[in-house]
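Undergrad: Shown below is the structure under consideration.
Derivation of every value follows stated rules applied to the coordinates shown; laboratory data play no part. Remember, predicted model here, so these are calculated numbers, not experimental data. So basically every Cβ, Gly included, is an ideal-geometry build from the backbone, and we count neighbours across all protein chains shown.
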Amino acid sequence: MIRRVTAVFLCLCVAASGGLAVAGCGSDSKSKSGKSKKKKKSSKSSGAGPGVVMQNIQFNPSNLSVKVGNTVTWANNESVGHDVTADDGSFKSGAPGALKQGDSFEHAFEKTGSFAYNCTIHPNMTGTIEVTQ
């Protein structure tokens with residue numbers, strides 16, 4: 001009887017902690033221009049759409065044109081921390097410098113416009129996403 005109670009208790013604890021872990025994962029948030037998501041280190045790209053690489057304290061390409069509905073992925077390929085912050089506040093990857101080497105940030109653009117962005121800790125590191133129909 002004690003073994004059975006212990007086994008049931010253990011199963012409930014595992015199920016509860018797994019449920020909390022799943023509930024706490026991800027950070028999909030709605031912004032003015034679409035949806036954003038920060039991803040931790042990954043060996044594979046999601047293949048969601050066009051990409052921007054952070055390397056040599058620059059965004060490459062610094063100017064990118066996409067269609068409404070496209071998701072842009074920014075990937076940090078260097079040992080220096082970066083962030084991606086829209087000048088108008090419509091999207092943000094997180095705290096300044098929080099994207100470490102191997103981290104990426106995705107944002108889905110759901111409306112047309114020109115979206116200038118920067119790395120807040122590297123003032124000369126800027127870029128623009130042009131979103132068209």
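Undergrad: Quick one: what are the phi-derived ³J(HN,Hα) couplings along the stretch 98-113, Karplus 6.51/-1.76/1.60 with θ = phi - 60°, whole Hz, x for glycine and proline?
TA: Values per residue, Gly and Pro as x: 6, 7, 8, 3, x, 7, 9, 9, 10, 9, 8, 8, 10, 8, 6, x Hz.
Undergrad: If you plug each phi of the stretch 57-63 into the Karplus form 6.51 cos²θ - 1.76 cosθ + 1.60 with θ = phi - 60°, what whole-Hz ³J(HN,Hα) values come out, in order, with x for Gly and Pro?
TA: Residue by residue, the stretch 57-63 yields 6, 8, 8, 9, x, 7, 10 Hz.
Undergrad: May I ask you to list the trypsin sites (Lys or Arg not before Pro) in the stretch 53-118 that are in a DSSP loop and have at most 13 other Cβ atoms within 10 Å of their Cβ?
TA: Working: sites: Lys67, Lys92, Lys100, Lys111; in loops: Lys100, Lys111.
Here the trypsin sites (Lys or Arg not before Pro) that fit, given the DSSP loop and packing criteria, are Lys111.
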